[in-house]
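First comes the structure, then the notes that go with it.
The values are calculated or read from the model by the stated rules, or taken from the named source; none is laboratory data. This is a predicted model, so every value here is computed, not measured. Cβ coordinates were reconstructed from backbone atoms using ideal geometry, including for glycine residues, and neighbour counts include every protein chain displayed.
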Amino acid sequence: MDQPQVREKPRTPVNLASDFMKLSIRDLWIVLILFSATAAGQPQADLTASSCNEYRQAESRLAELYAKALKFNEGDQKLVAAIKRSQAAWLSYVQAELGAIYPEDYQRGSAEPMCRCGEQLALVNARIEQLARWVYVQQGDVCAGSRSS
């Protein structure tokens, strides 16, 4: 049975602005890097190195924060075990997510390594924000659970 055809709205300035607002931070970051690099004449290899360096720095911050979260909560071994399980699950999620975005047999050209590092950076930054709540406690947050101890 044939699928009904979906008619797209004509591209008007309002539609374009609406589409722009739907871009994620990662998308805007990649567009910004590509635009600024094009304006500066920066080669793709430099863009990739810069993007991947930023990701590696964030990964280092994540490792430090993870160690702090474990140390900060060392008096509660059940919580430490839960944080370790959470980290292991997050690492599995990252691999699955990147595998879905960039399958092994799906090559998108010379910008793919830069884009992959950008995706990894976004995931690591989100995890940093999550782990920080076990280290930098917000007193009075009634919904913080174990993060307020």
Fill in: Matching residues, the stretch 110-146, being without any contact (Cβ under 8 Å) to a residue 12 or more places away in the chain and among the hydrophobic types (A, V, I, L, M, F, W, C)
Ala126, Val142, Cys143, Ala144
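Among the candidates Ala126, Ala122, single out the residue that is within 21 Å of Ile30 (Cα to Cα) and surrounded by fewer than 15 Cβ atoms within 10 Å (Cβ to Cβ). Explain how you work it out, then say what you get.
Values: Ala122 fails: surrounded by fewer than 15 Cβ atoms within 10 Å (Cβ to Cβ).
Step by step, each of Ala126, Ala122 is checked, and only Ala126 is within 21 Å of Ile30 (Cα to Cα) and surrounded by fewer than 15 Cβ atoms within 10 Å (Cβ to Cβ).
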Practice prompt. Find the residue count for the stretch 71-86, including only residues that are of a type in the set (A, V, I, L, M, F, W, C) and at pLDDT 95 or above.
Written response: 4
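Working only within the stretch 65-80, note down all residues that are surrounded by 11 or more Cβ atoms within 10 Å (Cβ to Cβ), in a helix (DSSP H, G or I) and not aromatic (Phe, Trp, Tyr).
We begin by selecting, within the stretch 65-80, every residue surrounded by 11 or more Cβ atoms within 10 Å (Cβ to Cβ); these are 65-70, 72-73, 76, 79-80.
Filter once more, keeping what is in a helix (DSSP H, G or I): 65-70, 72, 79-80.
Of everything in the stretch 65-80, those that are surrounded by 11 or more Cβ atoms within 10 Å (Cβ to Cβ), in a helix (DSSP H, G or I) and not aromatic (Phe, Trp, Tyr) turn out to be Leu65, Ala67, Lys68, Ala69, Leu70, Leu79, Val80.
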Item to complete: Select, from Ala100, Ala89, the only residue that is more than 27 Å from Ala45 (Cβ to Cβ), loosely packed, with under 13 Cβ neighbours inside 10 Å and at pLDDT 90 or above.
Response: Ala89
